[in-house]
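Asker: Pasting a structure here, questions to come.
Read the figures in this text as sums done on the coordinates, not as results from a lab. Only a predicted model underlies this, so the values are computations on that prediction, with no experimental measurement involved. We place every Cβ from the backbone using ideal geometry, glycine too, and count neighbours over all the protein chains shown.
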C-alpha cells in the first residue's frame, strides 16, 4: 500500500481499544474490581462490573454511587483504585495478547496502514502492554492525555490526530459498547470484536458496522473493511 | 397458593440453575479455568471460557481438545479439574448470592410453589452454596445424579421428577445458553437472567421466553410467568 498526499495511506487507519480488544485482560479486571468493591463493603454483582469495563473510571464510580446510594470522596476513589490495582497485579501473569493481536498490528505496520491504541486506562498500566504486543513504540493515547475517557469521543479523536488521520478515514476496533458509543460520538465507524465477552448482537445494536470474533478473524478478512490486498 | 391434586401447586414449578443464576460465581470460574488451562500450557482466551461456563465438564474439555488439537487423557482431566478447584478456592470469599436470590427462593417456599436447583457442577462443590442461599434443605440435582449434564436435558428432567412436577408445568431459570438449550430439549419453558454475563438478546435467541435482569427482577414480576399474587 502506498501513502497518499500528506502521508496518509489509501484505505482506513485503525484506532484500537486495548483491554479486551488486543489484550486478554477483561475478566481479570472484572474480578479485581469486584473484589476491591466487596472489600470496601460495596456489593455489586460481577456481571454489572463486566458491563462497565472500558468506560472512564470516574463514570464507573459515578454509576456505582448512583446505584448504591453511596458518595465516594477522593480518599475512597484512591483506596478503591489501589485495591483494584493490587488485585489485578496478582492475576497479571495470565494476561496475554488475544489471538491474532500481534500479527494484526505487525501486518498493518508492514503495509504502512496507520494505527494507534486508545484506552480509558492510565498510561502507567497501559504502556507495559505494548511490549507484550510486540509494538513498544506504538502510538498510545491514554486517560492521561485527554479530559474525558470513553464513552466520550476525546480518546479516539486524539488518537486520530496523533497519527495524522482524518476521523472520517478511521475505523475504531473495540470489544465494548463504550468503544462503540465513543466512536459514534467521534463520527468514526466502529468494528466490534467478541473478545471482551459481549455478544455480537449487543455490539451490533451499539453500532458496530461489523463484528469479528477476535483480532485474528479481523486480520483474516481485512479486505471486508477496505484494506486492499497488496 | 393452594396445592392441586398430587400435591402440585397451581401455577408453574421452578427449576433453577446455580452458578450465575442464584450465585455470583461465573467470573471467578472463568478466571480459575483460564488460569488452570494456561498453567497446563493451553492458551484459550477468557471470553471463550466464559461462553462455556455451565456446560458439562466433559463437553467443555472435548471442545477444547477439538479447538487446540490436543487430546486430554484421564490424568490431564484430573489435573485440570484440581487446578481449577484450587484457583477457584482462592476466590471463593467473593462468591455471594445474587441480588434477590435468597428472597426469591424464600418467597416461592412460603407460597408453596415447588422449586429445585439443577447444576452441571458436582455435588461437593454445589452443596455448600445452599447455606449461602439460606436453603440448606433445598432439592439439589447435580452432575453426580445424571448421565449427562447440560446442555443435555437430564438435569432438568431429574429435578422436575425430584419435586414431582410435570415438565410441562415447569419453568427453567438460567443465565447461560446451555441452560436454555437443555430446557428446550427437556420441553420446558426457559427464562433468562443477565447475571451470568450474557446479553438479553443472546438469551432470547437461545430460546428464553423472557429475560430478567437478576433474581430480584424476576421476584418483582413473578406474575408475568403465571405465579398468582395471593
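Asker: Which shape class, rounded, prolate or oblate, goes with region A:122-230 when its Cα gyration tensor gives a ≥ b ≥ c as root eigenvalues, a/c under 1.5 marks rounded, and past that a/b bigger than b/c marks prolate?
Answerer: It is rounded, given that a/c, with a ≥ b ≥ c, falls under 1.5.
Asker: Which residue, B:70, B:92, B:52, tops the fluctuation ranking in a GNM of chain B built on C-alpha contacts under 10 Å?
Answerer: Highest fluctuation among the options: B:70.
Asker: I would also like to ask the following. Determine which residues of region A:9-30 fall in the zone a paramagnetic label at residue A:209 would reach in this model, i.e. backbone nitrogen under 12 Å from the point 7 Å along Cα→Cβ.
Answerer: Within reach of a label on residue A:209, which here means backbone N under 12 Å from a point 7 Å along Cα→Cβ, region A:9-30 contributes A:11-15.
Asker: So for region B:91-216, averaging the separation of alpha carbon pairs under 8 Å that are six or more residues apart and normalising by length, what relative contact order in percent results?
Answerer: Numbers: 214 pairs, mean separation 26.9, N = 126.
Value for region B:91-216: 21 percent.
Asker: Still on this structure, please answer the following. Run the label-point distances for residue B:41 please: 7 Å along Cα to Cβ, every other copy, nanometres, shortest first.
Answerer: Relative to the other copies, residue B:41 has label-point distances of 4.9 nm.
Asker: Now for a different question. With springs only between Cα atoms under 10 Å, which of B:192, B:54, B:164 fluctuates most in a Gaussian network model of chain B?
Answerer: Taking springs between Cα atoms under 10 Å, the residue moving most is B:164.
Asker: Between residue A:147 and residue B:68, with labels modelled 7 Å along Cα→Cβ, what's the label distance in nm to one decimal, could you check?
Answerer: In this crude label model, residue A:147 to residue B:68 measures out at 4.8 nm.
Asker: Can you give me the orientation-averaged projected area of the convex hull built on the Cα atoms of region B:1-154, in nm²?
Answerer: Working: hull surface 39.9 nm².
Approximately 10.0 nm², given one-decimal rounding.
Asker: What does the copy distance list look like for residue A:93, label position 7 Å along Cα→Cβ, in nm and ordered from shortest?
Answerer: Its label point is 1.9 nm from the equivalent points in the other copies.
Asker: With each label point set 7 Å from Cα along the Cα-Cβ vector, what nm distance links residue B:161 and residue A:81?
Answerer: So the two model labels end up 5.8 nm from each other.
Asker: Continuing with this model, one more query. Please determine, in degrees from 0 to 90 and to the nearest 10, the orientation of helix B:26-39 with respect to the longest principal axis defined by the Cα atoms of chain B, where the helix direction is its Cα long axis.
Answerer: Taking Cα atoms only, the helix is inclined about 20 degrees.
Asker: Right, another one. So what is the relative contact order of region A:26-94, in percent, for Cα pairs below 8 Å that sit 6 or more residues apart?
Answerer: Relative contact order for region A:26-94 comes out at 47 percent.
Asker: For chain B, find the longest principal axis of its Cα atoms and tell me its angle to the long axis of helix B:57-68, 0 to 90°, nearest 10.
Answerer: The angle comes out near 40 degrees.
Asker: Continuing with this model, one more query. Using only Cα atoms, find the angle between the long axis of helix B:123-132 and the longest principal axis of chain B, and express it within 0 to 90 degrees, rounded to the nearest 10.
Answerer: 50
Asker: For B:112, B:213, what's the fewest-to-most ordering of other Cβ within 10 Å of each Cβ?
Answerer: In order of increasing Cβ crowding within 10 Å: B:112, B:213.
Asker: Let me have the 222 nm mean residue ellipticity of chain B computed from DSSP H runs of 4+ only, each contributing -39500 (n - 2.57), with the sum over all residues rounded to the nearest 500.
Answerer: -12500 deg cm²/dmol
Asker: Using C-alpha positions alone, give me the convex hull volume of region B:26-94 per residue in cubic angstrom.
Answerer: Details: hull volume 5.2 nm³, N = 69.
Output value, Cα hull per residue: 76 Å³.
Asker: Which of A:13, A:101, A:65 moves the most in a Gaussian network model of chain A with Cα springs under 10 Å?
Answerer: A:65
Asker: Let me ask something else. Taking a label point 7 Å from Cα toward Cβ, how far is residue A:229 from its twins in the other copies, in nm, shortest first?
Answerer: 6.5
Asker: Once each part is reduced to its C-alpha centroid, what is the distance from region B:128-179 to region A:19-75 in angstrom?
Answerer: What the calculation gives is 32 Å, centre to centre.
Asker: Another question, then. Given a cut-off of under 8 Å on Cα pairs at least six residues apart, what relative contact order in percent is computed for chain B?
Answerer: This gives 26 percent for chain B.
Asker: Would you mind telling me the antiparallel percentage of the DSSP bridges in the protein assembly as shown, rounded to 5?
Answerer: So the antiparallel bridges in the protein assembly as shown amount to around 15 percent.
Asker: Also: Find how much the distance from residue A:122 to residue A:224 grows on full extension, using 0.36 nm per residue of separation minus their present alpha carbon separation; answer in nm with one decimal.
Answerer: Using 0.36 nm per residue and subtracting the Cα-Cα distance, I get 33.5 nm.
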